[in-house]
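The values are calculated or read from the model by the stated rules, or taken from the named source; none is laboratory data. Keep in mind it's a predicted model, so treat the numbers as computed, not measured. When we count neighbours, we look across all protein chains shown, and the Cβ atoms used for this are built from the backbone with ideal geometry, even at glycine.
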Amino acid sequence: MKNIFKILLLTLFISFSFAQENIKETVSNKLSDIEAIEVKRLKEIEEEKLKQKKEEEKKAKVLALKSEINAIDAELKNNILLKRYSNYDAYRRISQELDDLKDTLEDVNPKNEDKIFQLNNKIRIKENELELISEYKGSPIGGLINPPEIESYEAISNPFGIINALSYIKKLENNKKQFSSIEERISEITNLLDEKLFAYVELYNTDPKPEYKEEINFLDKEKKDFHMVLEIVSTTEEVYTRKIEQVILETKSQISNQVEKIFNIAMIIFSLFLIAFLIKLALKKYFSQNENYYMTNKVINFFVVFFIMMIILFSYIDNVSYVVTILGFASAGIAIALKDWFMSLFGWMVIVTSGSIHVGDRIKVTRNGLEVVGDVLDISLFKLTVREDITLTSYTVNRRTGRIFFIPNNYIFSEMIANYTHSGLRTVWDGIDITITFDSNHKKAQHIAKEILKHYSKGYTDITRKQLSKMRSKYQLRATGVEPRVYTFVESYGIVISSWYLTNSYAALVLRSTMSPEILEAFMKEDDIHIAYPTQTVNSTTGVRTPPLDLESV
């Protein structure tokens, strides 16, 4: 019994142990299942969070890429090159549409006239559209791909060409800068397109959408087109720059040659002026009269100007014979049109070479009844400048004086010009007429007048004698008497005592107004000399009427 009891107890113990182990194993299994479920749930949560995080990162990246693309679009907005590229794209699209229309037209049934008419209209419209944007046929940026044309420039042949050459150089430099700026703009837009394409690729990789793929294809083509244009423009810009630099160097070389030529001409002109100055300085010592020096100075100035004109003419006119030929053909017309000018110029040459008139001479010009007496102020190529003075002509004829007259030099050939002071002769004969009665002692009156003349004109008589002596070497002088002369003339109303004397050409009226009262007073002091005036004797008889007095006949 005891053994059975022990066996039962042992069996119970063993069963209990197994049961306990089973319970533990069951519990352990259940716990493992719970833990697995929990782990799985946690893992799912983590995966969800990771997925959510990736979605957020994806969204953030998409937003960042779109923001970058928007920034690039903002930089590309209103870009003239892109607008030109749109015309290029439109040209290709219209060309394709035109080809499709032509293909369709070929397949249309000839009997379907309406369809043919519509297709022909569409073809004409497309051709007109292509004509409007034909500039973009082979270039994505149109005519901008071609640099500005380098205009041909004529050789610099005169100083005025230097100004044009400098403007030409500035224009070339501006053209070079303009074309270089186009290259920079193309390079800039190419870089922006690269960035935009890369951004779209990243965007497509992050969020693959069909519209992104289309944009990538378009951008890739656009980028390739602009890269092609950039290569062409870069090569063209390099060649264009070298060509412009070559032209600028050639133009600057011409400018340097022209400046050197101007400098040489300026040195020659300076030498001419220096030589003329030295000649004037030397001649001034040999001229005692300022008038002669003045005229010599004018002649020297004329020849200096003439030589300067010849130097400039032969320096800047390549074909002088051609100019001479033209002037030869035109000389007849010029001579007729400018006859007075040419005659005045020849008159100037005659005046200068003959020495008939000098500056400072007192002359008298008579034309169409007008008489002018004055002093020569200047002798130019075309005219004499004369200042009118108070003279006997002013007193008896003009009754006014002090005017400036301009007398053409051609008057020397056609009008009478009297010179009161020719060849250094500074005196002229002047006369005073006083009428005495028939019963006056005319011999006594003649003697008195002559003595007064000798007293007042002695100095002028001596001066004239010396001046006439000098003139014998130049002129054939015969009657050279210089003493005062008194002539007696019988007139209808008395005896005229005509007194002639030498006086200063520039002050004849002064001596005349001094001597006239002297002679008159001397005559009036004498009892046997009576001043005469128009008179008439009347015999009155009864019954006889006296005829009226005819003043014009007395």
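Observations
- Failed item in (1) at pLDDT 75 or above; (2) over 19 Å from N410 (Cβ atoms), with Y322 passing the rest: (1)
- Search result, residues across the range 152-184 that are charged (D, E, K, R), under 23 Å from V259 (Cα atoms) and at pLDDT 75 or above: K170, K171, E173
- Subset tally (residues that are in contact with a helix residue (DSSP H, G or I) (Cβ under 7 Å, 6 or more places away or on another chain), more than 18 Å from K221 (Cα to Cα) and of a type in the set (S, T, N, Q)) for the range 85-119: 1
- Looking at L392, L468, just one residue is closer than 30 Å to S354 by Cα, among the aliphatic types (A, V, I, L, M) and out of contact with any helix residue (DSSP H, G or I) (no Cβ under 9 Å at 6 or more places or on another chain), and that residue is L468.
- Restricting K61, K111, K126 to residues that are surrounded by fewer than 11 Cβ atoms within 10 Å (Cβ to Cβ) and either of a type in the set (G, A, S) or farther than 30 Å from E184 by Cα (or both) narrows the list to K111.
- Taking the conditions (1) over 41 Å from the mean Cα position of the chain (by Cα); (2) touching a residue at least 60 places away in the same chain (Cβ under 8 Å); (3) surrounded by fewer than 14 Cβ atoms within 10 Å (Cβ to Cβ) in turn, N205 satisfies each one other than (2).
- Any hit, the range 127-149, residues being in a loop (DSSP other than H, G, I, E, B), more than 27 Å from M228 (Cβ to Cβ) and at pLDDT below 80: no
This table checks each residue for (1) of a type in the set (K, R); (2) assigned to a loop (DSSP other than H, G, I, E, B); (3) under 18 Å from V229 (Cα atoms).
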position	(1), (2), (3)
S157	no, yes, no
I162	no, no, no
Y168	no, no, no
N174	no, no, no
I182	no, no, yes
L193	no, no, yes
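- Residue pairs meeting the criteria (Cβ under 8 Å; at least 6 apart or on separate chains; first modelled with pLDDT under 80, in the range 80-94; second of a type in the set (D, E, K, R) and in a helix (DSSP H, G or I)): L81/R185; Y85/E222; Y85/D225; N87/E135; Y88/D225
- With respect to the conditions (1) touching a Pro at 6+ places or on another chain (Cβ under 7 Å); (2) of a type in the set (F, W, Y); (3) in the same structural domain as E521 (by TED's automatic domain parsing), Y460 falls short on a single one, namely (1).
- For the condition within 25 Å of L520 (Cα to Cα) and touching a strand residue (DSSP E or B) at 6+ places or on another chain (Cβ under 8 Å), I417 does not qualify.
- Within the range 173-202, being touching a residue at least 12 places away in the same chain (Cβ under 8 Å) and farther than 23 Å from E214 by Cα holds for E173, N175, K176, Q178, F179, S180, I182, E183, R185, I186, S187.
- Flag for V376 being within 43 Å of the chain's Cα centre (by Cα), modelled with pLDDT of 85 or more and not in a loop (DSSP other than H, G, I, E, B): yes
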